[in-house]
Each structure stands twice: as structure tokens, then as C-alpha cells.
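Structure first, then comments.
The values are calculated or read from the model by the stated rules, or taken from the named source; none is laboratory data. Predicted, not measured: the structure shown is a model, and the values here were computed from it. Note that we place each Cβ from the backbone using ideal geometry, even for glycine, and neighbour counts take in every protein chain shown. Note: areas computed on protein heavy atoms with side chains; ligands, DNA, RNA excluded. Shrake-Rupley method; radii C 1.70, N 1.55, O 1.52, S 1.80 Å.
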Amino acid sequence: SWNSSGVIVYAISSNGLWRIPDAGGDPVRVTPAGDYGYPTFLPDGEHVLYTWFGRDPQPGVYIGAITNPERRPTNRLVDGAFVLSTYAPSRGTEEGHLLVLREGTLTARRFNVTTLILNGEPALVAEGVPAVSPPSAFSASFTGAVAFSATMSADSSRLVWFDRAGN
């Protein structure tokens with residue numbers, strides 16, 4: 001994931017999360033070695049959502065700060081072994097949505113990026129969304145637009161644009 005300040009954060013299989021300036025340089029470890037994956041920056045450019053696949057603590061979606069390296073994941077937002085997430089902002093407010101893909105179901109739950117707290121219950125966005133590797137079946141832009149795949153096979157898929165009203 002790449003933030004607006006020119007920092008890239010990435011996961012190396014079983015070797016933690018790392019950051020590096022987009023201009024190049026030496027990578028810096030953000031977490032200890034472990035089963036981290038799929039980091040996504042929040043709008044502040046400091047906090048990162050990521051999936052933890054390990055056993056201690058429990059697997060799920062966590063949040064951490066790249067400027068405050070952690071010894072182990074501590075702030076779990078969503079539980080589950082194979083859960084993927086990203087943040088979708090809302091215009092004019094600090095409360096966007098956390099998009100979560102679990103077992104083919106994509107949901108959205110209100111998420112305040114200032115307090116880092118989830119609010120309300122998850123709302124269904126789509127079903128039948130494949131969890132592929134790497135997870136490219138859904139994404140959200142910082143304009144609030146969400147794109148997702150609704151098929152498991154590339155042979156039967158096509159790109160379709162929808163507006164916020166579903167048209």
C-alpha cells in the first residue's frame with residue numbers, strides 16, 4: 001500500500017510488514033516476523049489495516065501504526081482466519097466504512113478513522129465475491145467508489161460500472 005506522503009508498506013510472507021520510501025532506500029521493519037498480509041493505509045498515512053494469519057493472537061484484521069512498531073498484533077477489528085479488508089472513505093466526514101470480505105461475502109461497517117472504532121452492524125455489499133490470491137476481487141478508492149468481482153471465473157466475467165444508487 002502506498003500513502004500520500006510517499007511511503008510504501010508491504011508484507012513479506014512470514015516475515016512481517018516493512019516500509020520503504022517511494023524514492024528508494026533501505027526497508028524498515030514495522031512488525032516482527034510473522035504471518036502478516038495485505039496492508040492498506042488509512043487516510044492519515046500512518047495507520048495500516050492488515051490481516052494477521054497467525055495463532056497468537058487470534059487471526060483477523062488488525063490496525064497498527066507504521067511509526068510505532070509493535071511486538072505483536074494488539075488492535076483487532078475483525079476476527080477470522082481468512083478475512084480481507086480495506087477502507088472506503090465517505091465524503092465530508094471522518095467516518096467511512098471498513099469493507100470486509102469473509103467467505104465470499106463483502107460487507108461494509110461504519111469506521112471512524114480518528115477514533116479507530118467500528119460503529120453499527122455490518123451491511124451487505126455483495127455475495128459471491130471470490131477471495132483470490134492476491135486479493136484483487138474488491139477495492140475502494142479514496143473518492144469512496146467501490147469495485148468488486150462477482151464471479152469466480154475470468155471466462156464469465158465482465159466489467160460493469162455502477163453508480164451509488166446501483167444503476
Quiz item: In nm, to one decimal, how far is the T143 label point from the N119 one, both placed 7 Å along Cα→Cβ?
Solution: 2.6 nm
Exercise. Could you pull the Rg and Dmax for the chain, using just the Cα atoms, both in Å?
Key: 15.8, 47
Exercise. Determine the relative contact order of the chain: mean sequence separation of Cα pairs under 8 Å and six or more apart, normalised by residue count, in whole percent.
Key: 12 percent
Quiz item: Under 12 Å from the 7 Å Cα→Cβ point of F82, by amide nitrogen: which residues of region 35-51?
Solution: none
Quiz prompt | Charge dipole (debye, nearest 20) of the chain; +1 at Cβ of Lys and Arg, -1 at Cβ of Asp and Glu | solution = 80 debye
Quiz item: How are the Cα pair distances of region 17-108 distributed, in percent, across 5 Å bins from 0?
Solution: 3, 13, 23, 24, 17, 12, 6, 1
Quiz prompt | Rg/Rh for region 67-136, where both radii come from Cα atoms and Rh is the Kirkwood radius | solution = 0.99
Quiz item: What FRET efficiency comes out for the pair V28/T74, r = Cβ-Cβ distance, R0 = 35 Å, nearest 0.05?
Solution: 0.95
Self-check item: Accessible area in square angstrom per residue, region 52-126, 1.4 angstrom probe
Solution: 54 Å²
Self-check item: Where the Cα pairs of region 7-62 fall when distances are cut into 10 Å bins, in %
Solution: 25, 54, 19, 2
